[in-house]
1. Multiplying the sequence separation of Ser356 and Gln324 by 0.36 nm and subtracting their Cα-Cα distance, what value in nm do you get?
2. Suppose every K and R has +1 on its Cβ and every D and E has -1 on its Cβ; what is the size of the dipole of the chain about the Cα centre, in Debye to the nearest 20?
3. Name the residues whose placed amide hydrogens come within less than 5 Å of the amide hydrogen of Leu205, ignoring near sequence neighbours (fewer than 5 apart) on the same chain.
4. Of all accessible surface on the chain at a 1.4 Å probe, what whole percent is carbon and sulfur?
5. Given the pairs Lys114/Lys287; Lys24/Lys100; Lys52/Lys114; Lys279/Lys346; Lys146/Lys346; Lys72/Lys369, which are separated by over 22 angstrom at their Cα positions?
6. Report the equivalent ellipsoid semi-axes for segment 285-339 in whole Å, largest first, defined as the square roots of five times the eigenvalues of the gyration tensor built from alpha carbon atoms.
7. Taking θ = phi - 60°, what integer Hz values does the Karplus form 6.51 cos²θ - 1.76 cosθ + 1.60 yield along segment 136-146, in sequence order, with x for Gly and Pro?
8. In straight Cα distance, which lysines are under 25 Å from Lys101, not counting same-chain residues fewer than 8 positions off?
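The values are calculated or read from the model by the stated rules, or taken from the named source; none is laboratory data. As the structure is a prediction and not an experimental result, all values here were calculated from the model. Counting neighbours? That spans all protein chains shown, and the Cβs are built from the backbone with ideal geometry, glycine included. Heads up: the accessible areas ignore ligands, DNA and RNA and are worked out on the full protein's heavy atoms, side chains in. Shrake-Rupley method; radii C 1.70, N 1.55, O 1.52, S 1.80 Å.
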Amino acid sequence: MNKNPLLGLEAFGQSVWLDYLSRKALDNGEIQGLIDQDGVSGLTSNPSIFEKAIAGSHDYDDDIRAMVLEDKSVEHIYEALTIADIQRAADLFRPIYDRKKSADGYVSLEVSPKLAHDTSGTIAEARRLWTEVNRPNLMIKVPGTKEGLPAIQQLIGEGINVNITLLFGLPRYQEVAEAYLVGLETLDAHGKSLARIASVASFFLSRIDVLVDPILEKRRLEGGTRAEIVADLHGQVAISSAKVAYQIFQEIIKSDRFLKLAHKGAHPQRLLWASTSTKNPDYSDIKYIEALIGRDTINTIPPETLKDYREHGRPVSRLEEGTQEAYQVLEGLHQAGIDLDGLTQKLEDEGVEKFSQAFKQVMAALREKRTASSHESVTP
């Protein structure tokens, strides 16, 4: 029998995290099975995931009824449900966290997307969630917005693990990496251990190509010099951005500044490849996994893409292949008059809005379930 390709990723220094969570998957052993059989070593959640889990099932109805009888608010119910799931998931991954000495085995819970542009609100909610969940292998997800940067720095400086989400552009990634380093230095200055603090920078991939490919096609159809430049850039921008980000990461972890912190036990802020399900049917269904296998990275994968990789993945360390070509792809965009930084800012704004909408939808669904449960409780 051929070895499971997912298990081969660890040999190249890459962790597989699950981009999915639901009460059913906890109850029926699905997540434990992915840990045991596929080597999954962490999990991420977000408002869209919880919206599908809570609004799209009856798995939470008994808990909702119980809290309605206690006259709990919709906000309280949502938080109680999500925290309970996150705690259970964190406990499943705790043996990995312990075995790997806090280098892996994390579960992520996001602050409210309403706070994406509210620094002080993000810090306050992150502190509260950190305390409520009370698991050392929790990561608090903070959007990598301009307002999120000081929050990241503050939280790391307090010893709270942070997963920076909704990263699309290289300039913002560099700012996020700087916030992590300053946070570590603050923690160290306060005499706290650096060995138990962890952070990941979540770089979203497929959405980049979804936005950029039509612009490239428009340039191609316009003809002229720009058409020649963009001819071979379709489907290359996201992976090229990731490969350049990894080069920036390598420079950081080899710098004297980080090595000084590493000597005191600090972990590198690993790059996490997110949004790795392929949106364009013309591309390989494992496009955003195969090309980005490399040391000190994570690929967070939804269940269907996980299945696809299990069936026909070919794990080989490819992240540092074609690095020069990656720089050339990004330069080609510039020469074609395409402002990638502007486009990634648009993606950040759209990502915040998407999660905000998912949050509104799950709250609306909870209000409906709460009303229905209230009526049931007074029916003779």
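1. 7.8 nm
2. Dipole of the chain, to the nearest 20 debye: 700 debye.
3. Counting only residues 5 or more places away or on other chains, the set is Ala274, Ser275.
4. Roughly 50 percent of what the probe reaches on the chain is carbon or sulfur.
5. Lys114/Lys287; Lys24/Lys100
6. Equivalent ellipsoid semi-axes, largest first: 27, 14, 10 Å.
7. For segment 136-146, the Karplus-derived couplings read x, 9, 8, 10, 8, 7, 10, x, x, 7, 4 Hz, x marking Gly and Pro.
8. Lys141, Lys192, Lys254, Lys260, Lys264
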